[in-house]
Structures are given as structure tokens and as C-alpha cells.
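Q: So that we are looking at the same thing, I have put the structure below in C-alpha cells.
Bear in mind that the values in this text are calculations on the coordinates, not laboratory data. These numbers were taken from a predicted model, which means no experiment stands behind them. Neighbour counts are summed over all protein chains in view; Cβ atoms, including those assigned to glycine, are modelled from backbone coordinates with ideal geometry.
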Amino acid sequence: MSNKWLRKTLIILLSVIMMVIAGREFLIWLNEKEPIVEGPGVTRVAKLSDYFADLKGTALDTNIYILEGEEDGGAVMVTAGVHTNELSGVMTNVILIENAHVEKGKVILIPFANNSAFTAGHPGEAYPMRYHIKTDWGSRWFRFGDRYTNPIHQWPDPEVYVHYPSGQSLSGFDIRNLNRTFPGKADGTITEKVGHAIMQVIEKENVDLFIDLHEAEPMYPVINTIVANQKAMDIAVIAEMNLSAFEGIKIGKEISPENLHGLTHREVGDHSRALSLLAETCDPIQDPLRGRTDEALIITGKDEFILKAAKLGLLYVPFDETGSHIDVRTGRHTSTVLEIISAFSELYPDKEIIVSDAPRYAEIIEKGVGYFLLKPRG
Amino acid sequence: MVTLIYYLFCAFVAILLLWNFVEEENLYNEILYAFVLMPFILRILRIY
Amino acid sequence: MFLQTSIILGVIVVVYILALQLLKMSPELSMIISAFAGALVAGFGIPIRHIVEGSFAYLDIILTIVTATIFMNILEESKAISFIVKTVVTKFYKQRLVLLILLMLVLLLPGALTGAGSASVLISGGIVAMVLHSMGIPMVNVTAIVFLGAALSVVAPPVNIYAMIICGGVNMPYIGFFMPILIPTLILAIFTVIYLGWKGEPLELNAIIDKLPPVPAQMTGFKVYLPFIVLAILMVATRLLPHAFPILGIPLIFIISSVVALITVWLSGQKVNILLISKRTVKQLFPLIGTLVAVGIFVQILTLTGVRGLLVITVLSLPIWLVYIGLAVVLPVGEAILLYGIAAVLGVPLIFLFNSLGLNPILATVGIILICPLGDALPPTRIIGRLTVETVGYKDSYNNFLKACSVPWIVITIAGICLVIFANSFKFLLI
């Protein structure tokens, strides 16, 4: 073999080695799912495809955990992982799945709403693939993903995404953003089908109250807040007051903008009988001015550059040396969910929902998220 | 159907890149090909 | 964190310069090597997964450029571009102003459709330069017109890679850019061609017609324009009737238009080898594809190590007047070093800054991206400058070419800065 061909062979070999090393990690990302323990309160585990068969066998099918009380009451659905890099909602869902009991009514939990978006990162964002939560018995791992459906599950994007049914123009890549594709479309893209499937669950399970959990970067104005569809604004007002009065949680409330389509707080409220709300916490790893992007940042939420931005007055949220720890964010979300359920039960006593054994903000901060995570079998 | 065309086109570009790589004389460009090929190949294999 | 990240940035810069200057590597490979070095110093070892993941950042943009350039190359090969130039020259050879403007439009077209200045230089640069020179315009000015036309074509809609990169980085839709980039680009392009090309001699029609490449007899009229018509219809229709079409995406729209172009070529009795055209296109675009892959890898490592955050917070901390003035220097110089990477590395934090000041982000983006491509004539890369000089056959000194560019360059820069500072006053462009 001449030198030239030897050189070319070596270079191709270099490329193949890089692809094999990275490809192995990508395949793990794509295929391995974190174990979730069905807690004592879980009465049924269903799949999204049970409500919309088109999703059967696809990467976007996902588990639905249902906790039913002995007494009849209202039904609440809590979704997380609509954006898979916003993890405190996932933690809140998992804590409820593994710890909570429902005494009255029904709680429906979807922790990994966009299951495809958990299977890849966002090129350029350098996210870790996983994060680990320490517990008394070891550690639990969870996937960390992107805002968007993995392109290998939905490709290509249009130049401009025209939302169905409103006709509003959005950026092309938002066609893979589940929180821009509600209320979904039965014969649409796979992401639109997930939106449609969630709407089917809402209809078939007679969901009265819908809560979608998110996180936002400190430089984004919609943060540490509850966004409510106009029909659910009274619930947001009561929840905000109670969170502040009883748990010292400062949280904003805002009404869902009428002309901003595709988001859960707008579309679920407009296209179903459920009252819809969305809650946000502060998530430093999403901020473009963050420093080192690693697992520590996911967990502690501490970052010097964001601190500097706080001092320059550029943030929409208080931020200090203590950062925005996963315990704080999860505690906020868990208390917010419980408080919204209480407010709903207060306003609609005939559809009361009573949840017990769910930790609140102070307890989660005191004991840490890991304390509430059960040990998976095997 | 549309998605299939995109995969086929990716494969087409990957083949053309390989063809040009074979004819390339400059060492540094050859090394750059090693990186440029990666997204095309991994996308065709539906790994990323 | 500030000190540690500054050291990482320092290592990246030093390794980049060493690779570029001492080892004479291309800017693309230098970026990749410095990304490896940065990750290593930051304690991430050799993060192969991140390197490979970063290479995906602009895959869809690469497919757009490749399909668009195949489309343009089919039209060039089939002499459709020659036909258009010949038509323009024959009809308007007596009206210098109209002729100059139309030639500039022919120059802008390939870059506007592909997002790549090299497309304008390679596809219409040579032929337009020939006509301009025949109009008595000195070669140095002809070269400047072709370069500046190519630089503005990169900005011109519908495909603007800088805007796409910035939009992706700041999570802003690539919507509403068409008119805000079209109007300033056209005004500046017309100014440029008139300023540099007004003085000269009347065109000798017969002489120039003899010089232009022959156009096959059947390659005329409707057939020439049909691929463009199909392209325009698909682009508009997929927006206006989105639910009546499957999602095509821009690359497939160009593939369909290319098929139509091939059919018109066959109908006009010519033979073109699509495989060879595609191979040539990918070879011609390799520097650009390489740039986009390298920039993706580079940005991924900058983000991983925190250097992106350092750059963002530094830009956000600067006095605003310094930022405005700095645009004139930093953007072209950054472009010359990082090529499209400048949009991700500096464009994104700048838009965050301008947005936080209440400036319209679309217009501020347009301001920034008007200035960036000028840097393609500057060392160390001189990527489009070099290509222009080679394509039009300019033999004089490179500095004289830069001097010829200077007045339009300054005007474009001032226009860009004004679009940023007075972004909110230019809202009427957001049609």
C-alpha cells in the first residue's frame, strides 16, 4: 500500500473510531431508560398509546402513572418532560409516583411527556446525557435531553412551522417542540400526535385540572411563576397567596397570552374541559451565559457568570451564591402542584382531590430530593 | 416518504464526500473530511 | 470560575493561532484542534461524544447549501445564467444605470438562494465581471463589485445562514427577516455597484455578446425561468398552505427545483451529468461544509468549558458605546478568523444584549449580519476575497482591491451599526 493510501486509511479509521465511541454513547442515550418505581399509591400504569394507538411502538410512547383514591372526586393531570432539559418537574412527578397516596379523586402523572426529546442533546449546548441523585442507599440516574423531539424521530423541519389549528407562524424547529404543538393533530407530525394523545387522555380520563411543569433560564422573563389559562386564573391567585403565606415561596402569576398558540396553558384550557396551568422554576443550565456545563450545574444550579449577571441587573429572578439547587426547584414545583390541587378543591368542592404523603418545599429542602426516591428492584 | 428522501440525500452527499476524499491531496483537508463525514454517517444510521 | 475559564480561553486562542500560523492548518482544522485543547485543559479529557455531537449543529443548514448550490450549478451548466446575462445586456446595454443594477441582481441571486457568498462568485461572478469590465470599469473596481456583491448576497434572503445560526442560539424564530434583510441589502448593493461602476465607457454590444459563453438555441424564454418559478411557488405555497403539503423543508424544495431544472435542460436538447455536477458541488462547498462542522464542534466545546458564558457575560458587561463602535472592527475580524462561527460566538451574546436594551432583535440581527461577511476579504482566511480575485482574474495587488472596497465597506458598516442602534426606528421594515 502506498503512503497516500495508508494515510487515507488511517484518517478514515480515525473517523470510524470517533463515530464508534460517540455512537455507543448515543445508542445508550437512545435506548436506556431510567427505572421508575411504582409507589404504593399507583393503581394503574398505562401508556400514551392506550389512548392514541398511532404512538404504539414509537419512541414517543410513554408511561402514564395513575393514582386513584377510594373516594370519587376530580381528576388532575401533571405533566413534566415536555421540555426534557427542565428536570425539576420530572423530579416532582417521580416523587409523587413513588410516595404519594390519593385519598379522593385521581392523579395522573406523565413524567416523560416527550420521550423522544430525552434521547438526544441539543448540538451546541453540550448537555450531560444523565444526572445522578444521591440517596441513602446509593444513587438514581435520570436522562437529560433537549427541548425538541429527536430529529431521527421527526425530520425534516419546515422553514416556517404553522401551528394547527390557529395558523400562527412559528420557527421551523418549533414543530418538534411539544409545548408549541398542542392541542396536537391526529394525522400530524409525531410531536403533534403526542399533543393529540395527551388531549385524548384528558378527555377519556375526565381530567378537570391540568398542570404542566417547566423551568426557565434566569435571563428569561417568564420564571418562578404560574401561567394560567384565563379559566384557571382564580386557582393561580389562591395558590400564589397560599404558597407565599404558608411556605414562604415567592411566586408570580400571569395570564396565558391569548395569541400565543401551541402552549399547554393556552391550548389545553381552550380545547378541553380541563383548567390548565403551567409552572416555572429557575434553571441555570439553560442560560446561555452559564459557565462550565456539567452535572454539578444541573444539581447545584450554582454559577458565577449568572451571579455576575444578577449583579448587573440582567436577571428576572433573585440569584445569589447559593444558586438554584435541584432540591429548591423540586420543592417549589411539588408545593405548587399540591397548592394548585388544594385551590381547585376549594373552588370546586364537588370535585375535591385529596393527596397525602407527598412532601412539600420545606421537607424536600431539609431531606433532599434523594430521600424520596425509592430503590429500584434488580 | 419525505424523510426517506432526506436519508437518501444524506447518503448521496456522504458518498460524494468520500469520493472527493479519495481524490484529495492535502493532508489537512483529508483530516477535515474525517470530521465532516461523521454527522452524515451517523444520521444515515439513525444513531443521532 | 472567571480566572479558570479565562485560562481555557487563552489556551484555545494560543492553540488556534499556532495551528493556523505555524502548522499552516486551515481555520476549520485549527478550530477543531483548539477545541480539543480547550476541553483537555478544562478537565474533560477528549470528549469524543461532544465533538461528534457538535458536528451535527448545522447539518440541516449544510443540506440547504448543498441542494441550493446543486440547483444553481445545474442552471450554470445549462447556460441558463448566461442566457439571463445575455438578455439583460442585449435589452439594456444603452442604459448604464439599469444595466449595472440588473447585473448586481444577477450577482446577488446565487448567494441569496444558497446563503453562501462563494456561490455568487463562482456561479455568476465570472460572467458578470466580464460584462462589467467591458463597460470600461477598471479591473480593481470590478473585483470589488464582485466581492461586495457576494458579501451582500450572503445577507440577502431567503437563505441567511448568520440569521439562522443567531436565531437558533437565542431561541428566536427565523421569521420576519425577509423584508428587513432584503431592503437594506438591495439599497447597499445598488449604491455599491453605482459608486464603483458608474464611471466607464459605453458598452459595445457586439463585442460583449461574442465574448459571452454561447447559449444553446433551445435554452430560451420560459424554460430558463421555470426552475425559478417552481422554486418560488414551492417556497410561498408551503408557507401559505402549510397543511395542504407534507413538510418539505428547504433542501427538498431545492431538490424538486433541481429536478425541474434538469428536465428543462433535457428539453432544450443538452446533456448534463448530474452525478458529476453534484460531486463538483460538494467539492466546491467542502470549505463551507467544513466550516459549519468545525464551528459546531468549536461552539459545543466553548459551551462545555464555560468559555461561551465568559464571552456572553463579558459582552454584557461592556459599556454600550464601546459595543456599538466595536461592531465595526470585531465583526469583520471575527468573521475572518471564525467564519460563520462569529454568528454563534459573538452574534448570539450581542443579540441577548440588544434585546435586554429593548432593541428589536430582528433588526439588530440584520445590522450585525450586514457587517460580518465583509470580513471574508480579510486575513488570515480571506476566503471570499481570494476566491473573487482568482475567479475574475484580478492580477494587481490585494491591498489595492481592499482600497477599492473601502467606501462601500464603510457605508455598509455604518448602515449596519445604525440598524442596531436605531433598531426600533426601523420597525417599518418589518413588513
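Q: Measure nothing but the geometry: give the 0 to 90° angle between the long axis through the Cα atoms of C:161-170 and the longest principal axis through the Cα atoms of chain C, rounded to 10°.
A: 30 degrees
Q: In nm, give the distance between the simple-model label positions of A:ILE28 and C:PHE422, each being 7 Å from the Cα along the Cα-to-Cβ direction.
A: So the label points at A:ILE28 and C:PHE422 sit 5.7 nm apart.
Q: Towards the positive end of the charge dipole of the protein assembly as shown, with charges on Cβ (+1 Lys, Arg; -1 Asp, Glu), say which of B:LEU45, C:PHE428, C:PRO184 has the farthest Cα.
A: C:PRO184
Q: Is segment A:32-372 best put as rounded, prolate or oblate by its Cα gyration tensor, with a ≥ b ≥ c the root eigenvalues, rounded for a/c under 1.5, and otherwise prolate when a/b is larger than b/c, oblate when not?
A: rounded
Q: So, one more: So which lysines pass the test for A:LYS311, namely a Cα distance under 28 Å, with those fewer than 8 places away in the same chain ruled out?
A: Cross-link targets: A:LYS250, A:LYS253, A:LYS302.
Q: Then there is this: How far is helix C:383-392 tilted, in degrees, relative to the longest principal axis of the Cα atoms in chain C, given as a value from 0 to 90 rounded to the nearest 10?
A: Value to nearest ten degrees: 20.
Q: Then there is this: What is the calculated FRET efficiency for C:ILE209 to A:THR58, with r their C-beta to C-beta distance and R₀ = 45 Å, to the nearest 0.05?
A: Details: r = 61 Å, r/R0 = 1.35.
After rounding to 0.05, the efficiency reads 0.15.
Q: Which of C:THR238, C:THR388, C:THR291 ends up with the largest GNM mean-square fluctuation for chain C, with Cα atoms connected below 10 Å?
A: Highest fluctuation among the options: C:THR238.
Q: Run the reach check for C:LYS86 against aspartates and glutamates, Cα to Cα strictly under 12 Å, same-chain hits fewer than 8 apart removed. What comes back?
A: Within the straight-line cut-off, C:LYS86 pairs with C:ASP210.
Q: Follow-up question, since we're still on this one. For segment C:47-429, what is the charge dipole size about the Cα centre, in debye to the nearest 20, if Lys and Arg each add +1 at the Cβ and Asp and Glu each add -1 at the Cβ? The partial results should precede the final answer.
A: Values: 20 positive and 11 negative charges, 81 e Å.
For segment C:47-429, the charge dipole is close to 400 debye.
Q: Considering chain C as a Gaussian network with a 10 Å cut-off on Cα pairs, which listed residue, C:ILE62, C:ILE247, C:ILE46, attains the greatest mean-square fluctuation?
A: In this elastic network of chain C, the residue with the biggest mean-square fluctuation among C:ILE62, C:ILE247, C:ILE46 is C:ILE247.
Q: Right, here's the next one. Hey, what do the phi angles of segment C:323-337 turn into as Karplus ³J(HN,Hα) couplings, whole Hz, using 6.51/-1.76/1.60 and θ = phi - 60°, x for Gly and Pro?
A: 4, 4, 5, x, 3, 4, 9, 5, 5, x, 5, x, 4, 5, 8
Q: For chain A, modelled as a Gaussian network with Cα springs under 10 Å, which listed residue fluctuates most, A:GLU38, A:GLU363, A:GLU280?
A: Between A:GLU38, A:GLU363, A:GLU280, it is A:GLU363 that shows the largest mean-square fluctuation.
Q: Taking each residue in C:243-249, count the Cβ atoms of any other chain within 10 Å of its Cβ, then average. What number comes out? Intermediate values should be presented prior to the final figure.
A: Working: counts 7, 0, 2, 5, 13, 5, 10.
Mean inter-chain Cβ contacts per residue within 10 Å come to 6.
Q: Compute the helix-to-body angle for C:178-197: its Cα long axis versus the longest principal axis of chain C, expressed 0 to 90° and rounded to tens.
A: Result, in degrees: 60.
Q: For q = 0.12, 0.18, 0.23 Å⁻¹, what log10 I(q)/I(0) does segment A:92-192 give under the Debye formula with an equal point scatterer on each alpha carbon and no solvent?
A: -0.55, -0.95, -1.19
Q: I would also like to ask the following. Tell me, what is the percent relative contact order of segment C:47-429, built from C-alpha pairs under 8 Å that lie six or more residues apart?
A: Once normalised by length, the contact order is 26 percent.
Q: Further question: Divide by every residue of the protein assembly as shown the summed helix terms, -39500 (n - 2.57) for each DSSP H run of at least 4, and state the resulting mean residue ellipticity at 222 nm, rounded to the nearest 500 deg cm²/dmol.
A: -18000 deg cm²/dmol
Q: Now for a different question. Assuming R0 = 25 Å, what is the FRET efficiency of C:VAL259 and C:THR220, from their Cβ-Cβ distance, to the nearest 0.05?
A: Efficiency for this residue pair is about 0.75.
Q: Now a separate question. Separation between the C:ALA244 and A:GLU258 pseudo-spin-labels, each 7 Å from Cα along Cα→Cβ, expressed in nm?
A: Taking the two extended label points, one gets 3.0 nm.
Q: Could you run the Karplus curve 6.51 cos²θ - 1.76 cosθ + 1.60 with θ = phi - 60° over segment C:101-114 and give me ³J(HN,Hα) per residue in whole Hz, x for Gly and Pro?
A: Working through the residues one at a time gives 5, 5, 5, 4, 5, 4, 5, 6, 3, x, x, 5, 6, 9 Hz.
Q: What distance in nm separates the two pseudo spin-label positions at A:LYS134 and C:LYS91, each 7 Å out from Cα along the beta-carbon direction?
A: Going by the 7 Å Cα→Cβ label model, 7.6 nm.
Q: Still on this structure, I have one more. Need the C-alpha centroid separation for chain B versus segment C:66-145, integer Å.
A: 31 Å
Q: Averaged over its residues, how many other protein chain Cβ atoms are within 10 Å of peptide A:169-178's Cβ atoms?
A: Values: counts 5, 2, 8, 9, 7, 2, 2, 0, 1, 0.
Average neighbour count from other chains, rounded to a whole number: 4.
Q: Turning to a different aspect of this structure: List the relative contact order of segment A:40-136 as a percent without decimals, with contacts defined as Cα pairs under 8 Å and 6+ residues apart.
A: In percent, rounded to a whole number, it is 32.
Q: Where does each of C:322-329, C:161-168, C:337-344 land if you order them by average Cβ count within 10 Å, highest first?
A: By packing density, highest mean first, the sequence is C:337-344, C:161-168, C:322-329.
Q: Sticking with this one: Counting alpha carbon pairs within less than 8 Å and at least 6 residues apart, what relative contact order, in whole percent, applies to segment A:32-372?
A: 20 percent
Q: If you build the convex hull over the alpha carbons only and average its shadow over all orientations, what do you get for the protein assembly as shown? Give it in nm² to one decimal.
A: Result: 36.2 nm².
Q: If you don't mind, another one. Quick one: longest stretch of chain A between exposed loop trypsin sites (Lys or Arg not before Pro), exposed meaning at most 14 other C-beta atoms within 10 Å and loop per DSSP?
A: Values: sites that count: A:LYS33, A:LYS56, A:LYS250, A:ARG273, A:ARG377.
Excluding the exposed sites themselves, the longest stretch runs over A:57-249.
Q: What net charge is computed for the residues neighbouring B:ILE47, neighbours being all others with C-beta under 13 Å from the C-beta of B:ILE47, Lys and Arg scored +1, Asp and Glu -1?
A: Summing Lys and Arg as +1 and Asp and Glu as -1 gives +2.
Q: Related question: Assuming R0 = 41 Å, can you tell me the calculated FRET efficiency for the pair A:GLU295 and C:ILE194, based on Cβ-Cβ distance, to the nearest 0.05? It would help to have the intermediate numbers written out before the result.
A: On the way: r = 58 Å, r/R0 = 1.42.
Computed FRET efficiency for A:GLU295 and C:ILE194: 0.10.
Q: Starting from the Cα of A:LYS308, draw a straight line to each of the aspartates and glutamates and keep only those under 12 Å, dropping any in the same chain fewer than 8 residues away.
A: Answer for A:LYS308, where 12 Å is the Cα cut-off: A:ASP320, A:GLU321, listed by chain and number.
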